[in-house]
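A short worksheet on the structure shown next.
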Amino acid sequence: MILCIVEHDNGRLEDQSAEALTMARGMAGAAGVPLHAVIFGPGGDAVAAAIGEYGVSVLHLADSDALASYAPVAWARGVIAVVEAAPAEAVVASGTDRGNEVMATVGALAGLPMVANCIDVQPGDPYRLSRLRWAGSVVEDAELDSDGPRLFSVAPGSVVPAKADSAVTVETQPVPLSLSDADLAVRVLEHMVPEHDGASLVDSRVVVGGGRGVGSAEGFAVLDELAGLLGGAVGVSRAVTSLGWRPHRDQIGQTGVRIAPDLYIACGISGAIQHMVGCKSARRILAINSDADAPIMSKADYAVAGDLHVVLPALVDELRRITA
Amino acid sequence: MRVMVCIKRVPLVGGKVVLSPDGKEVDTKFLGFGISPHEECAVEEAVRLVERNGGSSTVVTLGPQSAVEQLQFAMSLGIDEAILIDSGDEEWGPMSTAAALASAVSEKVAEGAAPDLLLLGNEAPDSGDYQVGIRVATALGWPCVTGVKELDVSDGTAVARREHGSEMEMFSVSLPAVVTVKEGLNLPRYPSLPGRLRAKGKKIDQMKAERMAEGLTTLQLRLPAEDGRETELLGTGVDAVPRLIEVLRETGVLAR
Ligand SMILES: Cc1cc2nc3c(=O)[nH]c(=O)nc-3n(C[C@H](O)[C@H](O)[C@H](O)COP(=O)(O)OP(=O)(O)OC[C@H]3O[C@@H](n4cnc5c(N)ncnc54)[C@H](O)[C@@H]3O)c2cc1C
């Protein structure tokens, strides 16, 4: 069988788990084996019907009270218990923080390789796969030999979730699991809502981005003004956070946030690949840069060659005039 | 308090990735090298913890001899000593890398200089394996918290917070522990000139390790399909403003 680790939020299937289930079902079909899933924490049984639609025939449920809060080693022990009882040729998780963490822990405990952020996996001997490196700027094609189950995580957004042609009735089985204190030593003790409103940048339909070319913390005033007029948020490049002009939570890119607005207006940003991976899901990108040859000028949909401190004030004036 | 921090020498790719002719690696001929933003924060955290609590800090890397440059960078920021585990010129996989790093920690333990805390980046920017810290922790039998953005260490305990969706989640583990961090944990300082000079004079301990077969064989690297944007030049300077307004309307950002 092929086993998929499924994450849920109080009984609601997580989007990335739907992606992982879709890839895992494709693998199970190609290998001619059944698809199983494992779910942790109370409320997991509420997901049974939803995962039946993705072709899961057996749900391994680890819903003891000890698993009420997320504990990566305990989850990994649960995965190992399942594959010891019902041998799996592969285990698939979503490439979320938790999915990668649990899968890496399974690999570490079992002494098996783990391949992160796959976009395609073809069962066989050996398995063939493609996975993302450099935050998605490079694809690696590889072969995997393994003495035990092959461990994969699925790059978020790389698979379009699709239900099976016909839903399967899911048989639920408890996971035989006895946990030690050490298995629960790392577990979530508390949830907190951060003071700042981190959602606005990620959810905004318009993002005004500023880079080193803005010149100073004060220089952002005109970007704040434009964002205000358009009902959007301001994001920045790493050059800006490193200089201390703006907090890191505003950073867009490989080591910042990923945005997907209708329009991203990148001002004074050169277009390094590590920045662009954070905004590539924008529907349209508009670049304003004084260097007509800057890389971003050929990666954007629209480009304006010019000093942002000249172009933006003129744009803001015009917007004020027409919206007055 | 003794803090150890692991870093990796990686090429600093700018606007475009260029692959080597055999398609097996990124062409680094014209690139500089550095460490990832996550690791810059790990180094900064190690320096601050020792500044605050006393003790010493050690930086360790598995890499080619040229990674001396990155070890010296870390020492120029205030790390006390450095270990280079020689990987030769080949890229080691995550299992071999973790085993080598764990052996460097074990050596410190054997010398009676056991670290209280081992810091790593959450993931390497190039290989993106998302597992080295966890494998090191498992080998040492230490607890591991990954993806940490806030860290408080006191009285033998590390309280660590990380993002989960729109929330922060909190972990508390007893030391010794492994913590992998993400950029945003702190704002790293820049190296000072005296710091750089001091770092140049410091000795670097050399270690050897065994590379193991890991099961994953790279066939080739390739660049993903371009997302196919065609650039329209709207104009130069303020002359572009009329077209800019039209674009705001066309994209639905500005009501007509
Ligand atoms: C592992 C790794 C991860 C990284 N993660 C991220 C990340 O998450 N996010 C990120 O952004 N970067 C990231 N980086 C850094 C990235 O490589 C670049 O260094 C960074 O994005 C550059 O920021 P910038 O474009 O603002 O600055 P620069 O590259 O210095 O570009 C400034 C631009 O401003 C233009 N300019 C200057 N003055 C003006 C003016 N008056 N008007 C208009 N234009 C002007 C210049 O022509 C230039 O194009 C990462 C790097 C590494 C190695």
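Each reported figure results from applying straightforward, stated rules to the coordinates on display, with no laboratory input. This structure is a prediction, so every number in the text was calculated from the model and none was measured. No Cβ is skipped: glycine too gets one built from the backbone with ideal geometry, and neighbour counts run over all protein chains shown.
List of remarks:
- Near A:His60, the amide H atoms lying under 5 Å from its own belong to A:Ala37, A:Val38, A:Ile39, A:Gln173; only residues 5 or more places off or on other chains count, and H is placed 1.01 Å from N.
- Geometric descriptor of the protein assembly as shown, per residue, is 160 Å³ (volume of the convex hull of the Cα atoms).
- Peptide A:312-319 has a mean shielding of 4, counted as Cβ atoms of other protein chains within 10 Å of each residue's Cβ.
- Cα long-axis angle, helix A:15-31 against chain A (0 to 90 degrees, to the nearest 10): 50
- Beta bridges per DSSP with both ends in the range B:2-208, % antiparallel, nearest 5: 40
- Net dipole in debye of chain A [+1 Lys, Arg Cβ; -1 Asp, Glu Cβ; about Cα centre; nearest 20]: 700
- Working note: Karplus 6.51/-1.76/1.60 with θ = phi - 60° gives the range B:56-62 the couplings 8, 10, 10, 10, 9, 9, 9 Hz, where Gly and Pro are set to x.
- Number of partner chain Cβ atoms within 10 Å, mean per residue of B:160-168: 5
- The alpha carbon gyration tensor of the range B:63-161 gives principal lengths a ≥ b ≥ c with a/c below 1.5, which makes the shape rounded.
- Cα gyration tensor shape for the range B:2-208, rounded if a/c is under 1.5, else prolate or oblate: rounded
- Out-of-range pairs (alpha-carbon distance over 22 Å; input B:Lys182/B:Lys208; B:Lys8/B:Lys149; B:Lys108/B:Lys203; B:Lys149/B:Lys202): B:Lys182/B:Lys208; B:Lys149/B:Lys202
- Using θ = phi - 60° in the Karplus curve 6.51 cos²θ - 1.76 cosθ + 1.60, the 3J(HN,Hα) couplings for the range B:86-103 round to 6, 9, x, 9, 8, 7, 8, x, x, 6, 5, 4, 5, 4, 5, 5, 4, 5 Hz; x is entered for Gly and Pro.
- Across peptide A:38-44, the mean count of Cβ atoms from other chains lying within 10 Å of each residue's own Cβ comes to 0.
- Whole-Hz Karplus values for the range A:266-275 come out as 9, 10, x, 10, 7, x, 4, 4, 5, 7 Hz, taken residue by residue from phi with 6.51 cos²θ - 1.76 cosθ + 1.60 and θ = phi - 60°; glycine and proline positions read x.
- Backbone amide hydrogens, once placed in the peptide plane, bring A:Ser153 within less than 5 Å of A:Ala93, A:Val115, A:Ala116, A:Asn117, A:Cys118, excluding anything fewer than 5 places away on its chain.
- For A:Arg284, nonlocal amide neighbours, meaning residues 5 or more places apart or on other chains whose placed amide H falls under 5 Å from its own, are A:Leu263, A:Tyr264.
- With an a/c value of 1.5 or above and a/b larger than b/c for the gyration tensor axes a ≥ b ≥ c computed over the alpha-carbon atoms, chain A is described as prolate.
- Beta bridge orientation in the range A:2-184: antiparallel %, DSSP, nearest 5: 35
- Fluctuation leader among B:Leu193, B:Leu119, B:Leu233 - chain B, Gaussian network, Cα springs under 10 angstrom: B:Leu233
- Whole-angstrom gap from the range B:166-188 to the range B:125-157, using each part's C-alpha centre: 8
- Within the protein assembly as shown, percent of DSSP bridges classed antiparallel, to nearest 5: 35
- Within chain B: Cβ-based charge dipole about Cα centre, in debye rounded to nearest 20 (Lys, Arg +1; Asp, Glu -1): 540
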